[in-house]
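Written out below as structure tokens is the structure these notes cover.
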Amino acid sequence: MKIVFLEAKNEKSFVLPKSLVSKLPKTVSLFTSAQYTNSVTKIKEQLRNAGIVVNTHKLLHSKHEAQLLGCNVKKIVDDSQAFVYVGDGEFHPKALILRNEKVVYAYNPLSKKTRIFDWKDAEGFERKKKSGLVNFYSSTHVGVLVSTKNGQNRLSRALKLKEVFKDKNFYFLVSETIDFWGLEDFNFLEVFVNTACPRIGLDDSIRLPKPVINLEELDQKEW
């Protein structure tokens, strides 16, 4: 079965409110969701006219420059002092907070409201990560969640867990879409390692019957 992805663009381009621009540091990195990529050029011009240096990045799996996917929980390496995110909701800006020690100035074009995200917004994620690590290292029977979706299938990396952690028994649960309720059938497992979208191990951890840790959080020096 073929899958076709269609982009839903916001028809009208716009710029940031002056009240937000006046609060920004001298160097920022600009991000947005797919709906608002057609406003990136105009926003960059606005910020540069205000004397602000603007960085943009084309991230993994993103089609457009400055486009941010919620699963892009990667460290952004540049000289920016803060991030600017244009879009609605908290899902995307929290992806920036997870790996970067910079604040995010978020502007919602729908509500016309501005919000600043900082490390406090990621405290819950940090607690979940630490809990997952403790449970992983103290467990013997580990379930490994593997997705067959394009861009999420990391079975080859997942299999290396057996080589690195030889004191544990790994059970690989492979499917296209992870059935959270179905995981309750594997009640002998003590903890899960998530190798699919990293947000599963963060946002969806409450839906899992056992603690979970993302593959990225494990010590990979030997990988």
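The values are calculated or read from the model by the stated rules, or taken from the named source; none is laboratory data. No experiment lies behind these values; they were computed from the predicted model shown. Cβ sites come from the backbone with ideal geometry, for glycine too, and all protein chains shown count toward neighbours.
Just a few scattered comments:
- Restricting the range 93-104 to residues that are buried (at least 22 other Cβ atoms within 10 Å of the Cβ) and out of contact with any Cys (no Cβ under 8 Å at 6 or more places or on another chain) leaves a set whose member that is nearest to A34 (Cα to Cα) is P93.
- For beta carbons closer than 7 Å, sequence separation of 6+ or different chains, a first residue in the range 178-198 that is hydroxyl-bearing (S, T, Y) and a second that is surrounded by fewer than 19 Cβ atoms within 10 Å (Cβ to Cβ), the qualifying pairs are T195/R154; T195/R157.
- Filter pass, G151 being surrounded by 12 or more Cβ atoms within 10 Å (Cβ to Cβ), part of a loop (DSSP other than H, G, I, E, B) and of a type in the set (G, A, S): yes
- Residue tally, condition touching a Pro at 6+ places or on another chain (Cβ under 9 Å) and either assigned to a loop (DSSP other than H, G, I, E, B) or at pLDDT 95 or above (or both), over the range 154-190: 5
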